[in-house]
């Protein structure tokens, strides 16, 4: 099933203030037709505010909301043809599952046969085709959220808005439903904005991830780029685990970290203005070799945390007593028991400097 009404979305220069607090500052985001963009950030960073402004639920702001080339800033929420799914399922408990999915079509005066057929089509899509006659409260949390998604899609929205839709579910159900949302969104092709504070969720589901901080969109790029090439130190520190290693600037393009030369990647902050700083290196960009306790990269293993296919190894550097975290395949980690003397090797092609 493919919808015909794929649309583009442009949010341009949005600014929103709550009293003295700035929720959004010069927020601009383009979403291509059929694209799923996830806004990622901690509570209070402005991601839900951006979604509410797009939905038309918050009108006290400056900036433009353009859908398929038309500015809809003055259009009320019920005229924007957007489907919405929130953390709370908000289903009607006395209605059947089929009636819940068909509700938006009923409000739009679609005749019963057509709306029931459409609702059944969406229930089949979300894997609940046999549950149409059940009452909503008889379903599990994950099933209820599938119904909420089917209801949002039933009206064939121009834009699908998902605000922390998986937060109330347990980890296993979240992972399963996350994958289902991505499958369904790809199949249906609806332009989608997904808001979450969960990094793994954003990385797994989105075509592009927008990282927000204090109302500012710091970076919006494919998940791999956000993780491997963060635009600045703020993004690097927020997305994924990160070690901060003492570094010396040896040239405009190189650093020395524990005696090893590493390429310096200049981020949005520009070239370093100091001779020293903290190099940002991910745990999987470090590896270990057996050592004799000498040399600037010498360390001692202080803890191993088994995580299935990977093991997280904590080491204390001999020279400055810094504690670093290293992620290694569990099969290789068996060679490095607690108390071992090792050398830490940096395998990063380039790193950012926090200065």
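The values are calculated or read from the model by the stated rules, or taken from the named source; none is laboratory data. All values reported here derive from a predicted model rather than from experimental measurement. Don't worry about glycine lacking a Cβ; one is built from the backbone with ideal geometry, like all the others, and counts go over all protein chains shown.
Listed here are the residues, each with its yes/no results for (1) without any contact (Cβ under 8 Å) to a residue 40 or more places away in the chain; (2) touching a strand residue (DSSP E or B) at 6+ places or on another chain (Cβ under 6 Å).
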{"residue": "204", "(1), (2)": "yes, no"}
{"residue": "216", "(1), (2)": "no, yes"}
{"residue": "230", "(1), (2)": "no, no"}
{"residue": "252", "(1), (2)": "yes, no"}
{"residue": "260", "(1), (2)": "no, yes"}
{"residue": "266", "(1), (2)": "yes, no"}
How about the range 201-232: which of its residues are surrounded by 21 or more Cβ atoms within 10 Å (Cβ to Cβ) and over 14 Å from the mean Cα position of the chain (by Cα)?
-> 215
Among residues of the range 150-173 being out of contact with any helix residue (DSSP H, G or I) (no Cβ under 7 Å at 6 or more places or on another chain) and assigned to a helix (DSSP H, G or I), the residue nearest to residue 106 (Cα to Cα) is 152
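Here are 145, 156: which of them is under 18 Å from residue 190 (Cβ atoms), assigned by TED's automatic domain parsing to the domain that holds residue 177 and surrounded by 18 or more Cβ atoms within 10 Å (Cβ to Cβ)?
Values: 156 fails: surrounded by 18 or more Cβ atoms within 10 Å (Cβ to Cβ).
None of the others qualify; the one that does is 145.
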So residue 6 clears everything in (1) touching a residue at least 60 places away in the same chain (Cβ under 8 Å); (2) surrounded by 18 or more Cβ atoms within 10 Å (Cβ to Cβ); (3) not in a strand (DSSP E or B) except one condition, right? Which one?
-> (2)
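Go through the range 99-111 and give me each residue that's surrounded by 16 or more Cβ atoms within 10 Å (Cβ to Cβ) and not in a loop (DSSP other than H, G, I, E, B). Give the steps one after another, and end with the answer.
Quick first cut of the range 99-111, residues surrounded by 16 or more Cβ atoms within 10 Å (Cβ to Cβ) only: 99-105, 110.
99, 100, 101, 102, 103, 104, 105, listed by residue number.
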Can you tell me how many residues in the range 63-98 are at negative phi and either part of a loop (DSSP other than H, G, I, E, B) or surrounded by 20 or more Cβ atoms within 10 Å (Cβ to Cβ) (or both)?
-> 22
Do we have any residue at all in the range 307-319 that's under 25 Å from residue 354 (Cβ atoms), out of contact with any helix residue (DSSP H, G or I) (no Cβ under 6 Å at 6 or more places or on another chain) and free of Cβ contacts under 8 Å to residues at least 12 places away in the same chain?
-> no
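Could you list, in sequence order, the residues of the range 33-62 that are within 25 Å of residue 21 (Cα to Cα) and in a strand (DSSP E or B)? If you could, list the steps in order and put the result at the bottom.
So the first thing to find is which residues in the range 33-62 are within 25 Å of residue 21 (Cα to Cα), and the list is 38-62.
38, 39, 40, 62 - these are the residues of the range 33-62 that are within 25 Å of residue 21 (Cα to Cα) and in a strand (DSSP E or B).
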Residue 186: passes all of (1) buried (at least 17 other Cβ atoms within 10 Å of the Cβ); (2) touching a strand residue (DSSP E or B) at 6+ places or on another chain (Cβ under 9 Å); (3) assigned to a helix (DSSP H, G or I) but (1)
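Checking the structure you have, find out if any residue of the range 289-300 is within 33 Å of the chain's Cα centre (by Cα), surrounded by fewer than 18 Cβ atoms within 10 Å (Cβ to Cβ) and in contact (Cβ under 8 Å) with a residue 24 or more places away in the chain.
No.
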